[in-house]
Amino acid sequence: MIDLRSDTVTKPTPAMREAMARAEVGDDIYGEDPTVNRLQEVGAALVGKRAALFVPSGTLGNQLSLRAQAEPGREVIVDGQSHIVRYEQGAAAALAGVQLHWVTGTQGIVTAEQVEAAIRPNDPYSIRTALICIENTHNAGGGTVYPLSTIQAIRAVATAHGLPMHLDGARLFNAVAASGVSAAEYAQHFETVTFCLSKGLGAPAGSLIATDDPGLMERLRRFRRMYGGAMRQSGILAAAGLYALEHHRARLREDHINAKRLAARLQQIPAVTIDPTLVETNILFFDVDSKKYSVTSFVAALKQEGVLINAVGRNTCRAVTHLDVSADDIELAADRIARLLNG
Ligand code: TLP
């Protein structure tokens, strides 16, 4: 099976499993897991922050960052296609008690002017803005890389209004691989930064939240416990994360080449609409307009051919490249898609 549904589907490699099996562990709620401590140090250093906190998922990383920086009844500015809006089960409202103020981005990217316009005035009636969130790379935007200059401009607005910023960097290292901008250069503009170890980096679970602020770190730690995300001998998972950071960052470029290759092949198929110039990293969206198939029946037929992709809209499919798909797999997947849609 060639699984292009997400970069979350990767399986730990034998060497990663070996590292997990060898991991030294302790009780992390006592701060005594040496492997978790090491991962937190390495992760913080990679994004140029003083400290990082290991959490089970990217969703929890985002939610703790929201909860720790926005009190219930306040408002958080996000783009309307963000993971926080679309895929976190309403947790911002249900758990943090905050209201999300959506801004409409282009391929997920919002401008400083849009953010500034969304900040509420300081009057006795208006809800108060607490936090600005952005996502880099932007998943639903098509794996888009946030231009550093846009982030800098949004930061200037945030600073002028005394607002903190959170970066959902689930795929931050894809942005780094595509742009050449370092993770620390991106991260310096945010009070909190989350990044996932379990997407293109290939660990089975885990994300880190990084910050410079010790008081904020203490709040994140308390809320992690409240939300049920504090773990015990989680060094076994942290070892996989360390292995992923050390061995799988550099190869993310291969995933981007594979995604571009797939986009170029798909563009040859008359029933497919795709703009390959929009494919910047490892995520691609394309539309299928076929007399024979609806999007769901196409996805089902493709599964019979041994290729998994996601239907994400009435005409739209998403494919994601990752370390468990090779360049040959991409050619095979493209052949099978072409056979179905051209047949
Ligand atoms: N994204 C998943 C699904 O949840 C949609 C995927 O297959 O792409 N931020 C961003 C930008 C993400 O794309 C994801 C996961 C998360 C956060 C959440 O990470 P997890 O799944 O670890 O909670």
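The values are calculated or read from the model by the stated rules, or taken from the named source; none is laboratory data. On a predicted model such as this, the values are computed, not experimentally measured, just so you know. Quick reminder, even Gly has a Cβ in these numbers, built from the backbone with ideal geometry, and neighbours come from all protein chains shown.
Do the conditions hold for Arg249, that is, is it of a type in the set (Lys, Arg) and in contact with a Phe, Trp or Tyr (Cβ under 8 Å, 6 or more places away or on another chain)?
yes
Quick check on segment 173-195. Is at least one of its residues under 20 Å from Ser234 (Cα atoms), of a type in the set (Ser, Thr, Tyr), buried (at least 24 other Cβ atoms within 10 Å of the Cβ) and in contact with a helix residue (DSSP H, G or I) (Cβ under 8 Å, 6 or more places away or on another chain)?
Within segment 173-195, one or more residues are under 20 Å from Ser234 (Cα atoms), of a type in the set (Ser, Thr, Tyr), buried (at least 24 other Cβ atoms within 10 Å of the Cβ) and in contact with a helix residue (DSSP H, G or I) (Cβ under 8 Å, 6 or more places away or on another chain).
Is there a residue in segment 259-267 that is touching a Pro at 6+ places or on another chain (Cβ under 7 Å) and either surrounded by 21 or more Cβ atoms within 10 Å (Cβ to Cβ) or aliphatic (A, V, I, L, M) (or both)?
yes
Name every residue in segment 4-16 that is out of contact with any Asp or Glu (no Cβ under 7 Å at 6 or more places or on another chain) and touching a residue at least 24 places away in the same chain (Cβ under 8 Å), in order of residue number.
Residues satisfying the conditions are Leu4, Arg5, Ser6, Asp7, Thr8, Pro12, Thr13, Ala15, Met16.
Got a sec? Which of Val47, Val85, Val55 is without any contact (Cβ under 8 Å) to a residue 24 or more places away in the chain and within 17 Å of the chain's Cα centre (by Cα)?
Val85
Identify the residue in segment 131-145 that is under 10 Å from Gly169 (Cα atoms) and of a type in the set (Val, Ile, Thr) and, among all such residues, is surrounded by the most Cβ atoms within 10 Å (Cβ to Cβ).
Residue satisfying both the conditions and the ranking: Thr137.
Test Arg86 against the stated conditions and say whether it is basic (Lys, Arg) and in contact with a Leu (Cβ under 8 Å, 6 or more places away or on another chain).
no
Of the residues in segment 9-30, how many are buried (at least 18 other Cβ atoms within 10 Å of the Cβ) and touching a Ser or Thr at 6+ places or on another chain (Cβ under 7 Å)?
3
Exactly one of (1) polar (S, T, N, Q); (2) surrounded by 19 or more Cβ atoms within 10 Å (Cβ to Cβ); (3) in contact (Cβ under 8 Å) with a residue 60 or more places away in the chain is unmet by Gln107. Its number?
The single condition Gln107 does not satisfy is (2).
State which residue is nearest to the ligand (Cβ to nearest atom) when the search covers only segment 55-89 and only residues that are closer than 19 Å to Leu163 by Cα and among the β-branched types (Val, Ile, Thr).
Ranking the qualifying residues of segment 55-89, first place goes to Ile84.
Would you pick out the residues in segment 110-130 that are in contact with an Asp or Glu (Cβ under 8 Å, 6 or more places away or on another chain) and within 21 Å of Leu172 (Cβ to Cβ)?
If the condition is that a residue be in contact with an Asp or Glu (Cβ under 8 Å, 6 or more places away or on another chain) and within 21 Å of Leu172 (Cβ to Cβ), then Val110 is the only one that fits.
Regarding Arg74, is this residue closer than 29 Å to Phe285 by Cα, without any contact (Cβ under 8 Å) to a residue 60 or more places away in the chain and out of contact with any helix residue (DSSP H, G or I) (no Cβ under 6 Å at 6 or more places or on another chain)?
no
Has segment 148-165 got any residue that is at pLDDT 95 or above, of a type in the set (A, V, I, L, M), more than 20 Å from Gln63 (Cβ to Cβ) and within 16 Å of the ligand (Cβ to nearest atom)?
Yes, because at least one residue in segment 148-165 is at pLDDT 95 or above, of a type in the set (A, V, I, L, M), more than 20 Å from Gln63 (Cβ to Cβ) and within 16 Å of the ligand (Cβ to nearest atom).
Which of the residues belonging to segment 36-46 are touching a Leu at 6+ places or on another chain (Cβ under 7 Å) and among the β-branched types (Val, Ile, Thr)?
Val42 - this is the single residue of segment 36-46 that is touching a Leu at 6+ places or on another chain (Cβ under 7 Å) and among the β-branched types (Val, Ile, Thr).
Please return the ranges of strands (runs of 3 or more DSSP E) entirely within segment 33-118 where 2 or more residues are assigned by TED's automatic domain parsing to the domain that holds Lys199 and under 27 Å from Val9 (Cβ atoms).
Result: 51-55, 75-79.
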